[in-house]
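Asks: The structure's right below; bear with me while I get my questions together.
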Amino acid sequence: MCDEIRKMKPEEMKDALKLVKNVFMEFEAPDYSEEGISAFQDFIEINEMEKRFNAGLLRFWVCKRDGEIAGVLASRNINHICLLFVHKAYHKRGIATRLFGEFKEDVLKSEADRFITVNSSPYAVGFYHQMGFKDMDSELEKDGIRFVPMKMML
């Protein structure tokens, strides 16, 4: 489904975050409070994301389809997924799985601990369970953001 999956180029940040915001607003935001929506939008603010990306604090992978970004995965601390979003036209077509596979290979090649963590939105819990993640706690909320902390041993 992807023409290519690779690490994101700096000039693709704006398009990647636009996809993230659009998918969040359609599929996640209806289950969040105004505080949570605002906190998420603050997290993906482009200037701050570019600073963290350029400093090496965030890593991004993109799935490109017909020259457009169809999916995005971002991580921090090498082995923590902080964003995983796929354009609605490509849901349930394996893009998130392929992005995760690329990320997982990168973690395995690194000196990081042999596990991956994520604070999954309620919407994505089923996907992460299918990938092999286990819940580390019940659903929590911080700054209006609802999530389930999860971990996968490698």
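Throughout, read-outs are computed from the coordinates displayed, never taken from laboratory work. Nothing here was measured: the structure is a model prediction, and the numbers come from that model. Every residue, glycine among them, receives a Cβ derived from its backbone with ideal geometry; neighbour counts consider all protein chains shown.
Asks: Roughly speaking, what is the stretch gain from E48 to M136, that is 0.36 nm per residue apart minus the C-alpha to C-alpha distance, in nm to one decimal?
Replies: On the way: separation 88, 0.36 × 88 = 31.68 nm, distance 2.87 nm.
Result: 28.8 nm gained on full extension.
Asks: Trypsin sites (Lys or Arg not before Pro), restricted to segment 119-150: which are DSSP loop and have at most 16 other Cβ atoms within 10 Å? Mind showing how you got there, number by number?
Replies: Values: sites: K134, K142, R146; in loops: none.
Taking segment 119-150 and a limit of 16 other Cβ atoms within 10 Å, no loop trypsin sites (Lys or Arg not before Pro) are found.
Asks: Counting pairs of alpha carbon atoms under 8 Å apart in space and at least six apart in sequence, what relative contact order in percent does segment 77-154 give? If you can, show how the numbers build up before the last one.
Replies: Values: 91 pairs, mean separation 24.2, N = 78.
Once divided by the residue count of segment 77-154, the mean separation gives 31 percent.
Asks: Right, next: Would you mind checking K9/K134; K51/K151; K88/K151; K14/K88; K9/K151 for any pair whose Cα atoms are more than 23 angstrom apart? Intermediate results must be reported in sequence, preceding the final value.
Replies: On the way: K9/K134 32 Å; K51/K151 27 Å; K88/K151 26 Å; K14/K88 18 Å; K9/K151 28 Å.
Check vs 23 Å cut-off fails for K9/K134; K51/K151; K88/K151; K9/K151.
Asks: So what is the calculated 222 nm ellipticity per residue for the chain, using -39500 (n - 2.57) for each DSSP H run with n of 4 or more, over all residues, to the nearest 500 deg cm²/dmol?
Replies: Working: 5 runs with 52 residues, N = 154.
Dividing the helical sum by the residues of the chain leaves -10000 deg cm²/dmol.
Asks: When the dipole is taken about the Cα centre of segment 1-61, and only Lys, Arg (+1) and Asp, Glu (-1) are charged at their Cβ, what size is it in debye, to the nearest 20?
Replies: Values: 9 positive and 14 negative charges, 88 e Å.
Dipole about the Cα centre, nearest 20: 420 debye.
Asks: Do you know the relative contact order of segment 3-154, to the nearest whole percent, from alpha carbon pairs under 8 angstrom that are 6+ apart? Each step should come with its number before you reach the end.
Replies: On the way: 242 pairs, mean separation 36.7, N = 152.
Relative contact order of segment 3-154: 24 percent.
Asks: At 7 Å along Cα-to-Cβ for each site, give me the label-to-label distance between E105 and K21 in nm.
Replies: Spacing of the two 7 Å Cα→Cβ label points: 3.2 nm.
Asks: Farthest toward the dipole's positive end in segment 1-117, which of N54, N22, F103, given Cβ charges of +1 (Lys, Arg) and -1 (Asp, Glu) about the Cα centre?
Replies: Farthest along the dipole direction, towards plus: F103.
Asks: Check the cysteines of the chain one by one and keep only those with no other cysteine Cβ under 4.7 Å from their own.
Replies: That list is C82.
Asks: On to the next question. Among residues other than E102 whose Cβ falls under 13 Å from its Cβ, what is the net charge (Lys/Arg +1, Asp/Glu -1)?
Replies: Working: positive: R6, K7, R59, K64, R98, K104, K109; negative: E4, E105, D106.
That works out to +4.
Asks: Assuming 0.36 nm per residue, please report the length gained on full extension of the stretch E68 to E11 beyond their Cα-Cα distance.
Replies: Details: separation 57, 0.36 × 57 = 20.52 nm, distance 1.30 nm.
Result for the pair: 19.2 nm of gain on full extension.
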